[in-house]
Amino acid sequence: MIKDSKYRLLNLQIDEGTNISINKDLEDLRNKKNIWISNDIEPFNRLGWINKFESTISVIDKCTKVARDIEQRNPSSIVFIGMGGSIQTAKVIQQYLNSYDKHFTIDTTNPEVIDGMVQQLDLKSTIFIVMSKSGTTLETENLMHFFIKMIKDSGIKNFGGHFISISDKETPLQSFAEKNSFLHILEGSKDVGGRFSSATAFGVLPALIMGIKPEAIMKINDKDEVNKKAIKLTALLLNSIKNKKRILIDLMPELYKWIEQLIAESSGKDGTGIIPLNYAFNGETLNLHDKSATTPIITDRIDKYLDLKITTPILMVGCIKNNINNVFQDMLAWQISVSIACKTLGVFPFDEPDVQSSKINTLKILNDSNQYSDGWIEENISNSSIEEILELFSKKSSKEKLIYINAYTSDFLNNVSDTSCNLRDVTNKMKSKYWHYDYVVGYGPSYLHSTGQLQKGGPKAKFIYLYSDTSDYRDKPMYADLQRIFQSQLIGDFKAIQKLRRTVYIIERSKALKWK
């Protein structure tokens, strides 16, 4: 695999000492021992996902009954509503199975996206599955009430007959579901955090509805196979920690997003964190900014790297295959490996101490309409193009080689035909010309439930917000509240980043297209 005397494709080698150490941590984790730094949260109360044989059988049984009932009702569409870990497993399964004709997932308050999806629904024969661990998630709650109003306006009095809820026990969502006679009310597990919840009802019900067999889910209980994968993935993450804390994940986009959240929220705190990346290519060249360190890459397509021109040492690992029947097992292996890596990194993996600032700002804006006028974003938009901003960054000496692109636009989101601002093309151009930076791209507001913790609690970085004007929806009564929430979330997060004294810009999305 050697490319030349300087840059190489390397196979992962695990030395005996590392192997012994990982196995020891793995055994302690399986026994629910505390291997991390001290924290107000008791780790035992967050490790319900680690040994799940009996509980998985119970969850599958309950979800199977619900899935069969839905099948018998034969709805024209099934819409999953949620944010972050509550919905991401559903999105992974949906992409694996290419199940987009009948199944929809919503994790945004962007009115343009929601409007595009609504046009495809027959509300009288649609079932909505509302998913929120806390039962208080701002976006999820408002989206649920948005669709309840639409159903009521269509002449259906018993809207509860179109809804299913999944939340932890005794949450506001569960109480609302009981009061309004939802079709089914499922419970999550209080000892399992959102990003670790794939093998709970949050992941199991969508999987069964879309056609995954129970046996595929039960593969999480193949302890030897899970451990084998977890050891490799842990070694890869430990290598990343030693080498600039970057890891390139070249897997299916929605699986990448699931892994991105797991790594970012678990490790991104106390000024450190592993940075998950999902790009590398510039034509036939692999370009990464730091040529002094070996970059670990997890991929299901090793062969495609063999003919590339490689400009930095990379470490290849291919233990995760593109196989829907193994996806739950793979997710468990990732959860184990990230939890162990956080011990080495010196952070506690089961909290999100820095995400509240954006939420608090958003609620303040929503509760005080005079605090920020409708024109606030327009007044604070930079006149510079994204290329001009990157050029400015390049001319200034800075240790910050990480840039977050937070896009409050509709590009590449489900059911939106307007892709005039091709964000993928833009990021490819950024990587090509300004390759000495790493870029993490996310869509608002969903990134707030993924990389939001890493952005505020992790290493210092620069920020560019892309904004797509959705003000037309202020004049549409059905969408006005969602438009206001969407805009408030951008402002709230922008203000939270400003308070951290980070370099931050807002630019209109058309300015992202202007390249010399």
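Between the alpha-carbon centres of the stretch 161-218 and the stretch 456-516 there is a gap of 31 Å.
Placing +1 on the Cβ of every Lys and Arg and -1 on the Cβ of every Asp and Glu, with nothing else charged, gives the stretch 53-212 a dipole about its Cα centre of roughly 260 debye. Three semi-axes describe the equivalent ellipsoid of the stretch 356-513; taken as square roots of 5 times the Cα gyration tensor eigenvalues and ordered largest first, they are 25, 19, 14 Å. The residue list 131, 295, 390 was ranked by how far each Cα lies along the charge dipole of the chain toward its positive end, using unit charges on Cβ atoms, and 295 comes out on top.
Ordering 398-406, 473-481 by mean Cβ neighbour count within 10 Å, with the highest value first, yields 398-406, 473-481.
A simple spin-label model places pseudo-atoms 7 Å from Cα toward Cβ; at residue 325 and residue 399 they are separated by 5.0 nm.
Only beta bridges with both residues in the chain are counted; by DSSP, about 10 percent of them are antiparallel. Note: relative contact order over the chain, using C-alpha pairs below 8 Å and six or more positions apart, is 19 percent.
Simple rule: put +1 on each Lys or Arg Cβ and -1 on each Asp or Glu Cβ in the chain, find the dipole, and look at 496, 485, 206; the Cα lying farthest toward the positive end is 496.
Checking the cross-link pairs 396/499; 24/169; 65/91 against a 26 Å limit on the alpha carbon distance flags 24/169 as lying beyond it.
Taking Cα centre as origin and charging only the Cβ of basic (Lys, Arg, +1) and acidic (Asp, Glu, -1) residues, the dipole magnitude of the chain rounds to 1140 debye. Look at 488, 240 and count the other Cβ atoms within 10 Å of each Cβ; fewest to most, that gives 488, 240.
Ordering 179-191, 106-118 by mean Cβ neighbour count within 10 Å, with the highest value first, yields 106-118, 179-191. The residue 469 and residue 62 beta-carbon pair, evaluated with R₀ = 30 Å, returns a calculated FRET efficiency of approximately 0.10.
Rounded to the nearest 0.05, the FRET efficiency derived from the C-beta distance between residue 301 and residue 356 at R0 = 60 Å is 0.95.
Computed from the coordinates I sent, Kirkwood radius over Cα pairs in Å equals one of [x] 23.7; [y] 28.2; [z] 30.7. Tell me the label. Here the calculated entry is [x]. When the Cα positions of 226, 100, 186 are compared along the charge dipole of the chain, 226 comes out farthest toward the positive end, with charges on each C-beta of Lys, Arg, Asp and Glu. For residue 15 and residue 51, FRET efficiency with R0 = 41 Å and r from the beta-carbon atoms, rounded to 0.05? It comes to 0.90. Where only DSSP H runs of four or more residues are counted, the chain gives -13000 deg cm²/dmol as its mean residue ellipticity at 222 nm, each run worth -39500 (n - 2.57).
Bear in mind that the values in this text are calculations on the coordinates, not laboratory data. It should be emphasised that the depicted structure is a prediction, and the values quoted were computed from it without experimental measurement. So basically every Cβ, Gly included, is an ideal-geometry build from the backbone, and we count neighbours across all protein chains shown.
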